Amino acid sequence: MKINDFILYSENCRNMVFDGEKFLISEVGTSLEDKNILGVNCDGFGRIRKFKRNKDSDWISNPLPFDPFSLKMGVQRVDELDVQVFQISKCNLNCWWCFLPDEYRGCNPNHTKWFSVDELLDLFIRDAYPRVKMIDLSGGNPELVPELTLQFMSKLEKYDLSEKIYLWSDDVLSTDFLFTKLSDSQIQYMADYKNYGKVACFKGIDDESFCFNTCSQKSILDSQLDMATQYIRTGFDLYFYIALTVPNMKNLKKKIASFFDKLQLISYYLPLRIVPIKIKKFPHNQHRFTSLRESLIDNQYEVLNSWNEEISKRFTSAEIECNISLLQLN
């Protein structure tokens, strides 16, 4: 898919999940087992996800969203956090390791419903608040509809909850819709919104790994970096994940060093704002695993080691151990 085709495809994806007023939200689970495991609430269109800082003993700990939440909300360090999740029903990328079942990420009319933000907030207040103090807008890709995050901000203020609820969005920096669909004042309002953090995911360390991980013929990794630059310069509190599933391990350390060079052209501390995520097999994604993809699950540990070696070369121990939210990007 060429870049121009991808832009058109992304616009089509946006139109599938936003009608100008309401947003298409995915049902989380239909079976009783799914509902119990996933903590389904909000009439089946939300779930309570338990984030854990140290989820996997054989992987690095994950400070997201714990450190941003604690800093902005003025609370002590937390290592587990119950979070209300709403999932937009479409993504413009096609990552083979996506944890969502296929039927819940393709605007399936049997598993989706149109909601206004007022309706979603009413369900959240009914089912989760005040026990749960964080809302995660996930997907799919909520970046397709920046109006969703914007409206959550304004409605939380309307409900007098902007100081009581931390808002988090989870996307992939694959569109410029925030900067092309919203006004300058709306963009600045979002950047200045106190209790908000945005995490995006780099889908590889180079063009080859990006294409492999997203099942794409064309990489937009450089576009992701450009978008990161724009968000940072606008003043967003921005964090990143990265997938370390690399199909070609040749010259691995050189590839990682080259990627770090690109990151530090944007901001010196940007590599420390990136958290490698562990790619896993789940019941709902195992049908997408080939023998090659299986091998990358094993290889990601070697890539992680090389990633951490490069971190150690470029930063002091004090910088590496610093709270991720205190590392300034602009």
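The values are calculated or read from the model by the stated rules, or taken from the named source; none is laboratory data. Just so you know, these numbers come straight off a predicted model, no measurement behind them. Cβ placement follows ideal geometry from the backbone for every residue including glycine, while neighbour counts extend to all protein chains displayed. Areas reflect the complete protein model, heavy atoms only, side chains present, ligands, DNA and RNA absent. Shrake-Rupley method; radii C 1.70, N 1.55, O 1.52, S 1.80 Å.
Being open to solvent by 40 Å² or more (accessible area, probe 1.4 Å), under 30 Å from LEU326 (Cβ atoms) and under 19 Å from the mean Cα position of the chain (by Cα): is that true of ILE60 here?
It is true that ILE60 is open to solvent by 40 Å² or more (accessible area, probe 1.4 Å), under 30 Å from LEU326 (Cβ atoms) and under 19 Å from the mean Cα position of the chain (by Cα).
Take GLU143 and decide whether it is surrounded by fewer than 16 Cβ atoms within 10 Å (Cβ to Cβ) and either out of contact with any helix residue (DSSP H, G or I) (no Cβ under 8 Å at 6 or more places or on another chain) or not aliphatic (A, V, I, L, M) (or both).
no
I'd like to verify a number: residues in the stretch 282-299 that are free of Cβ contacts under 8 Å to residues at least 24 places away in the same chain and either surrounded by 13 or more Cβ atoms within 10 Å (Cβ to Cβ) or assigned to a helix (DSSP H, G or I) (or both), how many?
The qualifying residues number 6.
Check LYS2, LYS22, LYS72 and return the single one that is among the basic types (Lys, Arg), modelled with pLDDT under 95 and open to solvent by 20 Å² or more (accessible area, probe 1.4 Å).
After ruling out the rest, the residue left standing is LYS2.
Which one is surrounded by the fewest Cβ atoms within 10 Å (Cβ to Cβ), of the residues in the stretch 219-277 that are out of contact with any strand residue (DSSP E or B) (no Cβ under 9 Å at 6 or more places or on another chain), of a type in the set (A, V, I, L, M, F, W, C) and closer than 27 Å to ASN4 by Cβ? Steps first, please.
Taking the stretch 219-277 and keeping what is out of contact with any strand residue (DSSP E or B) (no Cβ under 9 Å at 6 or more places or on another chain), we get 219-220, 222-223, 226, 229-230, 233-235, 245-258, 260-262, 264-269, 271-272.
From the residues that got through so far, the ones that are of a type in the set (A, V, I, L, M, F, W, C) too are 220, 246, 249, 252, 256-257, 260, 265-266, 272.
Narrowing further to those that are closer than 27 Å to ASN4 by Cβ: 220, 265-266.
Working: ILE220: 26, LEU265: 11, ILE266: 17.
Per the stated criteria, the residue is LEU265.
It is to be established whether one or more residues within the stretch 300-312 are among the hydroxyl-bearing types (Ser, Thr, Tyr), farther than 24 Å from CYS98 by Cβ and touching a residue at least 12 places away in the same chain (Cβ under 8 Å).
yes
Test ALA257 against the stated conditions and say whether it is of a type in the set (Gly, Ala, Ser), modelled with pLDDT of 95 or more and in contact with an Asp or Glu (Cβ under 7 Å, 6 or more places away or on another chain).
yes
In the stretch 234-267, how many are more than 24 Å from PRO65 (Cβ to Cβ) and part of a loop (DSSP other than H, G, I, E, B)?
Going through the stretch 234-267 one residue at a time, the tally reaches 6.
Every residue in the stretch 89-137 that is among the β-branched types (Val, Ile, Thr) and either farther than 30 Å from LYS72 by Cβ or in contact with a helix residue (DSSP H, G or I) (Cβ under 9 Å, 6 or more places away or on another chain) (or both), please.
THR112, VAL117, VAL132, ILE135
If you go through the stretch 300-330 one residue at a time, how many are assigned to a loop (DSSP other than H, G, I, E, B), within 25 Å of LEU252 (Cα to Cα) and open to solvent by 40 Å² or more (accessible area, probe 1.4 Å)?
Summing the residues that are assigned to a loop (DSSP other than H, G, I, E, B), within 25 Å of LEU252 (Cα to Cα) and open to solvent by 40 Å² or more (accessible area, probe 1.4 Å) in the stretch 300-330 gives 1.
Would you be able to tell me the number of residues in the stretch 97-134 that are among the aromatic types (Phe, Trp, Tyr) and within 30 Å of LEU296 (Cα to Cα)?
Of the residues in the stretch 97-134, 3 are among the aromatic types (Phe, Trp, Tyr) and within 30 Å of LEU296 (Cα to Cα).
Please go through the stretch 36-54 and pick out each residue that is open to solvent by 40 Å² or more (accessible area, probe 1.4 Å) and touching a residue at least 12 places away in the same chain (Cβ under 8 Å).
ASP43, ARG49, LYS50, LYS52, ASN54
Does the stretch 287-309 contain at least one residue that is closer than 23 Å to LEU71 by Cα and not hydrophobic (A, V, I, L, M, F, W, C)?
First pass over the stretch 287-309, keeping only residues closer than 23 Å to LEU71 by Cα: none.
No - not one qualifying residue is present in the stretch 287-309.
What is the one condition in (1) part of a strand (DSSP E or B); (2) under 22 Å from GLY39 (Cβ atoms); (3) more than 15 Å from the chain's Cα centre (by Cα) that PHE86 does not satisfy?
The one condition PHE86 does not meet is (3).
If we only count helices (runs of 4 or more DSSP H) wholly inside the stretch 119-205, which ones have 2 or more residues that are out of contact with any Gly (no Cβ under 6 Å at 6 or more places or on another chain), free of Cβ contacts under 8 Å to residues at least 60 places away in the same chain and aliphatic (A, V, I, L, M)?
Passing ranges, in order: 146-158, 184-192.
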